[in-house]
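The structure appears right after this line, and notes come after that.
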Amino acid sequence: MVGSLLVAPLADNCGRKRTLQVNNILAIISAVLMGCSRAMNSFEFIIFSRLVIGICAGISFSVVPMYLTEIAPENLRGAIAITGHFFIIFGSLMARIFGLDKLLGTQEGWPFLLSLTGVPALFQLIFLPFFPESPRYLLIQRHDEKAAREALVKLRGCDNVEDEIEELHEEDLSEELEKDMDIFTMYHFDDIWGHLVSAVVLMGGQQLTGINAASYYMEILYMSMGLEKKIVGYISITIYILLMFITLLVIRFADSSGHRNLLLSGLGICSITCVLLAMAIELQKTIWWMSYVSSSFVTLFLIGQSIGPDPVPVVIIAELFLQSSRSTAFMAGGCVHWFCKFVIGIVFLQTEVSGFG
């Protein structure tokens with residue numbers, strides 16, 4: 001949540017690209033400290049590093065989709081933005097694979113497992129300098145048309161970018177009254193305030209569906225079926241591979257099917273499966289094979305979440321807001337996202353899980 005609060009001032013003053021570069025440097029330093037914590041017998045390193053990594057995650061959660069939507073051509077904006085969610089699932093899959101007992105999920109291996117967070121940050125730090133800054137940021141917020149034109153030529157691979165430059169000029173003129181927008185001044189613009197409420201509802205609903213609780217409950221449910229913990233780990237890996245495939249399909253049809261349709265479809269699947277899951281959990285107390293049905297509903301719920309509530313909100317937020325207010329909208333949405341995530345985690349830890357079997 002702290003990271004989300006830093007999104008608007010950093011992204012607007014330093015630029016999207018430079019913000020990500022600084023963010024990656026902090027993530028690499030934190031990863032090194034976590035990797036050395038056991039050797040130096042210092043739990044303080046872990047606490048400090050996890051705090052910094054949390055801030056970095058909050059910044060990346062908003063700045064990455066913002067940057068991707070601003071550099072993408074209009075006909076591919078949704079697909080490119082959702083690509084970021086694909087790699088979130090990929091990262092979760094890698095964490096589960098390396099967290100297996102046969103790999104780094106051991107007493108000796110956990111420091112290396114924690115330090116792996118620095119690998120994608122290092123990868124970005126190496127290759128991000130070859131990417132241009134957001135053309136929208138350069139022209140509309142920095143008024144540097146020459147740099148914006150060069151960035152567009154590099155991104156599009158051709159010299160004829162006059163149509164997009166003209167589009168950026170039109171957007172710049174259309175939001176003259178909305179310059180230097182922040183969360184407080186948004187209140188005086190009815191249209192923008194309505195969009196901000198939509199962003200908050202979308203990001204809050206993304207977490208209030210209970211996705212994180214479902215991910216955690218998935219392993220408990222499988223173990224309640226009598227499966228060993230190590231087998232459950234492999235089942236979780238299989239499910240995440242399935243979710244990656246589902247996300248690839250969403251990327252393929254994101255801009256042709258409509259973002260609203262994807263969101264409603266995903267929420268519909270989540271709603272129906274939640275009702276059926278609650279019934280199945282109650283019945284499995286007396287019918288032993290209902291635990292298999294419950295596990296199927298959990299998997300369907302995760303699929304529904306991957307179709308709509310997880311990947312689509314950031315795309316809608318990027319499209320609802322103009323350049324001057326986009327970073328503030330992402331900041332507000334990110335704060336709601338992390339707060340709801342925290343609430344769900346705390347509430348779920350207080351639930352009685354012993355009766356699931």
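Pairs needed: first member in the range 104-130, more than 17 Å from Ile29 (Cβ to Cβ); second member anywhere, among the basic types (Lys, Arg); C-beta distance under 8 Å; at least 6 residues apart or different chains.
Cβ pairs passing all conditions: Trp110/Arg38.
I'd like the full set of residues that are over 25 Å from Ser295 (Cβ atoms) and in a helix (DSSP H, G or I), limited to the range 238-261.
Residues satisfying the conditions are Ile251, Arg252, Phe253, Ala254, Asp255, Ser256, Ser257, His259, Arg260, Asn261.
From Gly233, Gly258, Gly266, grab the single residue that is crowded, with 18+ Cβ neighbours inside 10 Å, under 30 Å from Thr69 (Cβ atoms) and not aromatic (Phe, Trp, Tyr).
Gly266
Does the range 132-143 contain any residue that is touching a Pro at 6+ places or on another chain (Cβ under 7 Å) and buried (at least 16 other Cβ atoms within 10 Å of the Cβ)? Before you say what the answer is, go through the steps one by one.
Taking the range 132-143 first, the residues touching a Pro at 6+ places or on another chain (Cβ under 7 Å) are none.
No, the conditions are met nowhere in the range 132-143.
Got a sec? Which of Ile71, Ile59 is buried (at least 20 other Cβ atoms within 10 Å of the Cβ), under 20 Å from Leu152 (Cβ atoms) and β-branched (Val, Ile, Thr)?
Ile71
For Ser174, which of the numbered conditions (1) surrounded by fewer than 15 Cβ atoms within 10 Å (Cβ to Cβ); (2) at pLDDT 90 or above fails to hold?
Every condition holds for Ser174 apart from (2).
When only residues in the range 87-116 that are over 23 Å from Leu302 (Cβ atoms) and polar (S, T, N, Q) count, which is surrounded by the most Cβ atoms within 10 Å (Cβ to Cβ)?
Ser115
Out of all the residues in the range 293-312, is one or more without any contact (Cβ under 8 Å) to a residue 12 or more places away in the chain, hydroxyl-bearing (Ser, Thr, Tyr), more than 19 Å from Ile239 (Cβ to Cβ) and surrounded by fewer than 20 Cβ atoms within 10 Å (Cβ to Cβ)?
Scanning the range 293-312, I find no residue that is without any contact (Cβ under 8 Å) to a residue 12 or more places away in the chain, hydroxyl-bearing (Ser, Thr, Tyr), more than 19 Å from Ile239 (Cβ to Cβ) and surrounded by fewer than 20 Cβ atoms within 10 Å (Cβ to Cβ), so the answer is no.
For the range 305-328, which residues satisfy the criterion of being assigned to a helix (DSSP H, G or I) and in contact with a His (Cβ under 7 Å, 6 or more places away or on another chain)?
Of the residues in the range 305-328, the ones assigned to a helix (DSSP H, G or I) are 305-307, 312-320, 323-328.
Matches in the range 305-328: Val312, Val315, Ile316, Leu320.
When you look at Gly334, is it in a helix (DSSP H, G or I), in contact (Cβ under 8 Å) with a residue 24 or more places away in the chain and surrounded by fewer than 16 Cβ atoms within 10 Å (Cβ to Cβ), yes or no?
Spelling it out, it is not the case that Gly334 is in a helix (DSSP H, G or I), in contact (Cβ under 8 Å) with a residue 24 or more places away in the chain and surrounded by fewer than 16 Cβ atoms within 10 Å (Cβ to Cβ).
Mind checking which residues of the range 104-136 are under 22 Å from Ile235 (Cα atoms) and at pLDDT 85 or above?
Scanning the range 104-136 gives a single hit, Leu113.
Quick check: anything in the range 32-54 aliphatic (A, V, I, L, M), touching a helix residue (DSSP H, G or I) at 6+ places or on another chain (Cβ under 6 Å) and within 30 Å of Ser324 (Cα to Cα)?
Yes, that holds for at least one residue.
Considering only residues of the range 246-255 that are of a type in the set (A, V, I, L, M, F, W, C) and under 17 Å from the mean Cα position of the chain (by Cα), which is surrounded by the fewest Cβ atoms within 10 Å (Cβ to Cβ)?
Leu248
The values are calculated or read from the model by the stated rules, or taken from the named source; none is laboratory data. From a predicted model like this one, the values you see are computed outputs, not experimental measurements. Positions of Cβ are backbone-derived with ideal geometry, glycine not excepted, and every protein chain shown enters the neighbour counts.
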